[in-house]
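See below for the structure under consideration.
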Amino acid sequence: MENYKSPVYEVRAVPIEKIEANSYNPNIVAPPEMKLLEISIWEDGYTMPCVCYYDKERDKYELVDGYHRYMVLKKSKRIYERENGMLPVTVIDKDLSNRMASTIRHNRARGTHNVELMSEIVAELTKANMSDAWILRNIGMDRDELLRLKQITGIAELFANREFSDGMQNCGENDPTDLEHDIY
């Protein structure tokens, strides 16, 4: 990976009209914190770009991370005018499952996510044939949390084709990223 270049080294100024929110962000910010974010962006400017996926066919950017910074630009007239309607973004080129995982990693690293929306994402990833081990590794959760999130959905198909036995208890215990085993 000697030629790898992090997306942050290629920040783009993108018109807000070309950016769309994703449908899978489980991060929620209370109104007082949104006001604080607006003040922060007004006082300090945008200090972190939003993360997007660029859909070439539609010529649109889908947010992966930075929804609330995006909303500040859309709703704050003074910031919109100062920024000329442009949002700083970096672009990642990943499929939908990996974009969902990226969104979750960004949110969890900040310590914020909504349980109900997280369970919906787990359901979507499971339906996309992502293994439990893949979900554990890419979203950064433990086996118990994954099980609880699957239970919240109430969707029986999330447990389809699983064998439940006492022998599976220790599966992946030493290495939660072991791709040889699912958690059940």
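The values are calculated or read from the model by the stated rules, or taken from the named source; none is laboratory data. Please read all numbers here as calculations on a predicted model, not as lab measurements. Cβ: placed from backbone, ideal geometry, glycine included. Neighbour counts: every protein chain shown.
For the range 35-43, state whether one or more residues are closer than 19 Å to ASN84 by Cβ, surrounded by 14 or more Cβ atoms within 10 Å (Cβ to Cβ) and of a type in the set (D, E, K, R).
The answer is yes; a qualifying residue exists.
I want to confirm something. Restricting to the range 14-28 and keeping residues that are in a loop (DSSP other than H, G, I, E, B) and under 18 Å from PRO49 (Cβ atoms), which single residue is modelled with the highest pLDDT?
ALA21
Is it fair to say LYS77 is out of contact with any helix residue (DSSP H, G or I) (no Cβ under 8 Å at 6 or more places or on another chain), within 22 Å of LEU36 (Cβ to Cβ) and without any contact (Cβ under 8 Å) to a residue 12 or more places away in the chain?
So LYS77 passes the test.
Specify which of the listed residues (VAL51, VAL14, VAL64) is touching a strand residue (DSSP E or B) at 6+ places or on another chain (Cβ under 8 Å) and more than 25 Å from ILE121 (Cα to Cα).
Just one listed residue meets the conditions, VAL14.
Among the candidates GLY66, GLY85, GLY45, which residue alone is at pLDDT below 95 and either under 17 Å from VAL11 (Cβ atoms) or aliphatic (A, V, I, L, M) (or both)?
The unique qualifying residue is GLY66.
How many residues does the range 29-53 contain that are among the aliphatic types (A, V, I, L, M), more than 17 Å from VAL64 (Cα to Cα) and assigned to a loop (DSSP other than H, G, I, E, B)? Break it down into steps so the answer makes sense when it comes.
Step one: list which residues in the range 29-53 are among the aliphatic types (A, V, I, L, M), which gives 29-30, 34, 36-37, 39, 41, 48, 51.
Filter again for more than 17 Å from VAL64 (Cα to Cα), leaving 30, 34, 36-37, 39, 41.
Filter once more, so that each one left must be assigned to a loop (DSSP other than H, G, I, E, B): 30.
Residues in the range 29-53 being among the aliphatic types (A, V, I, L, M), more than 17 Å from VAL64 (Cα to Cα) and assigned to a loop (DSSP other than H, G, I, E, B): 1 in total.
What do you reckon, is VAL89 in contact with a helix residue (DSSP H, G or I) (Cβ under 6 Å, 6 or more places away or on another chain), buried (at least 21 other Cβ atoms within 10 Å of the Cβ) and not in a helix (DSSP H, G or I)?
no
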